[in-house]
Each structure stands twice: as C-alpha cells, then as structure tokens.
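Notes to accompany the following structure.
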Amino acid sequence: MSIRDIVTVPNEILKKISEPIEKVGINEKKLINDLFETMYNSKGIGLAAVQVGILKRILVIDVSTKDEKKNPLSFINPTIKKVSDKTSIYEEGCLSIPQTFIEIERPKICEIEYIDIDGKKRDLKCDGLLSTCIQHEINHLDGKLIIDHLSKLKKDMIIKKISKSKKNPERILV
Ligand code: NI
C-alpha cells in the first residue's frame, strides 16, 4: 500500500470523465487500497481515483465518526438509479480544492448500483452523509467539482487563490 499524491485545482484531469472498469483485477484492488490509505492520511471521508490522477470509475468512502469502528466502502462503476425529492444541505469540502467549503443541496436519499471489490454487482440505498458523499464522488467520476455549483466569477476567484498559494514558497523565519 502507498499514499498517492492528490491532484488539486487547477488541473485539467479533474474535468475529465473516468472510464468504466471491465474486470476487477489485481491493479484495481491495489488502487483501492492506495485510495483508502491516501484518504485516511488526508482525513477525508471520500476519494475518487481521478483525484490521484487515474481516470477509472473507482471511489472509496468512509463516513464513520471518530468514535466508531472504521467502515471502509469501495465502489466500482457506481451509478445512481434513483434519487429522493427530499433534499439535504451539507457544507462540502474537497481534497482537490484546499480550504474551500461550499453549501450544496443534494437529494437526501439515493439508490445506487455498483460492482464490489470481488467483482459482484450490488445495490445500496444511501441516506444522509453517505448519500451526499457518494453523489460528490460520482460527480468526480464525471469531471464535476463542488465549485461548478458556483458562478463563474466565484469559481475563478477560488482557483486563482489556490494557484497563487501553490506558487508561493514556504515562508520561514530563521
Ligand atoms: Ni471531492
């Protein structure tokens, strides 16, 4: 297992559509393990393969709280089959967009179909935080980010700020 570098905005790969997996093999299993390690290391609750620069429809999630046992969930080729009319709002952050939180309204419940790590087809009804997290991650697989919910002006401002902070060398006092 290894921790991979997380791709941050502005990077064109984050806008690309990820490719479906045809067969779950050793490479996919290794990637899933790396995604979990990278996600836990960054204190995230979800991570899509594209965020480590790999355009495959794979994502991992763990929405367990600090006091609970870890609950790692991995999803291959996830698709949303049904959503509720009822919505919920969370303030969402993204490991690919540092220091940015945006209130986003999404369907409260979603039903998804996916393939598990053993290659079996499964379905799952998701509610609350898990539902929001899955929708956020599936958006990644389709090249969509939380800043796409904002106006172009606001979006450009955030990207500019992040690019600037990337270029700034680390400040030290010696
Ligand atoms: Ni994200």
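Please enumerate, by chain and number, the lysines with C-alpha under 21 Å from the C-alpha of Lys81, excluding those fewer than 8 residues away in the same chain.
Filter leaves Lys56, Lys108, Lys120, Lys121, Lys125, Lys144.
Work out the FRET efficiency for Ser84 and Leu55 from their Cβ-Cβ distance, taking R0 = 45 Å, and round it to the nearest 0.05. Don't skip to the answer; put the middle values down first.
Numbers: r = 30 Å, r/R0 = 0.66.
The calculated FRET efficiency here is 0.90.
Between Ser64 and Asp123, what FRET efficiency follows from the Cβ-Cβ distance if R0 is 25 Å, with the result rounded to 0.05? Display every interim value, and only then the final one.
Values: r = 21 Å, r/R0 = 0.84.
The calculated FRET efficiency here is 0.75.
So what does the Cα-only Debye profile of segment 12-166 read at q = 0.12, 0.15 Å⁻¹, as log10 I(q)/I(0), no solvent term?
The Cα Debye sum returns log10 ratios of -0.51, -0.80.
Based on the mean of other Cβ atoms within 10 Å per residue, sort peptides 25-31, 62-68, 163-169 so the most packed one is first.
Values: 25-31: 13.4, 62-68: 10.9, 163-169: 8.6.
Packing proxy ranking, top to bottom: 25-31, 62-68, 163-169.
Just how far, in whole angstrom, is segment 130-144 from segment 14-77 if you go by their alpha carbon centroids?
Using only Cα atoms to place each centre, the spacing works out to 12 Å.
How much length would be gained if the chain were fully extended between Glu103 and Asn71, taking 0.36 nm per residue of separation minus their Cα-Cα distance, in nm to one decimal? Intermediate results must be reported in sequence, preceding the final value.
Numbers: separation 32, 0.36 × 32 = 11.52 nm, distance 2.52 nm.
Stretched fully, the Glu103-Asn71 segment lengthens by 9.0 nm.
Hey, if you put +1 on the Cβ of every Lys and Arg and -1 on every Asp and Glu Cβ in segment 12-166, which of Ile112, Phe101, Cys133 ends up farthest toward the positive end of that dipole?
Most positive-ward Cα: Phe101.
Provide the gained length on full extension for the span Asp142 to Ile26, in nm with one decimal, where the gain is 0.36 nm per separating residue minus the Cα-Cα distance. The partial results should precede the final answer.
Values: separation 116, 0.36 × 116 = 41.76 nm, distance 2.42 nm.
Fully extending the segment from Asp142 to Ile26 adds 39.3 nm.
With r as the distance between the Cβ atoms of Ser42 and Leu153 and R0 = 25 Å, compute the FRET efficiency 1/(1 + (r/R0)^6) and round to 0.05. Write out the running numbers ahead of the final one.
Values: r = 29 Å, r/R0 = 1.15.
Efficiency, rounded to the nearest 0.05: 0.30.
I need Ile102, Ile17 ordered by Cβ neighbour count within 10 Å, fewest first. Walk me through the intermediate numbers first.
On the way: Ile102 18, Ile17 11.
Ordered from fewest to most neighbouring Cβ atoms within 10 Å, Ile102, Ile17 come out as Ile17, Ile102.
Return the lysines within reach of Lys66: Cα separation strictly under 22 angstrom, same-chain partners fewer than 8 residues apart disregarded; answer none if there are no such residues.
Straight-line reach from Lys66, under 22 Å: Lys43.
Mind checking the angle between helix 128-141 and the chain's longest principal axis? C-alpha axes, 0 to 90 degrees, to the nearest 10.
So the helix axis and the longest Cα principal axis differ by about 70 degrees.
How large is the charge dipole for segment 12-166, taken about the Cα centre, if only the Cβ atoms of Lys, Arg (+1) and Asp, Glu (-1) carry charge, to the nearest 20 debye? Walk me through the numbers on the way to the answer.
On the way: 28 positive and 24 negative charges, 82 e Å.
With only Lys, Arg, Asp and Glu charged at Cβ, the dipole is about 400 debye.
Once you have a ≥ b ≥ c as the square roots of the Cα gyration tensor eigenvalues for segment 10-94, tell me rounded if a/c is under 1.5, and otherwise prolate or oblate according to whether a/b is larger than b/c. Can you show the working numbers first?
On the way: a/c = 1.41, a/b = 1.16, b/c = 1.21.
It comes out rounded by the Cα gyration axes.
Bear in mind these aren't lab numbers, they're just calculated from the coordinates by the rules spelled out. Being a predicted model, the structure only gives us computed values, none of them experimental. Counting neighbours? That spans all protein chains shown, and the Cβs are built from the backbone with ideal geometry, glycine included.
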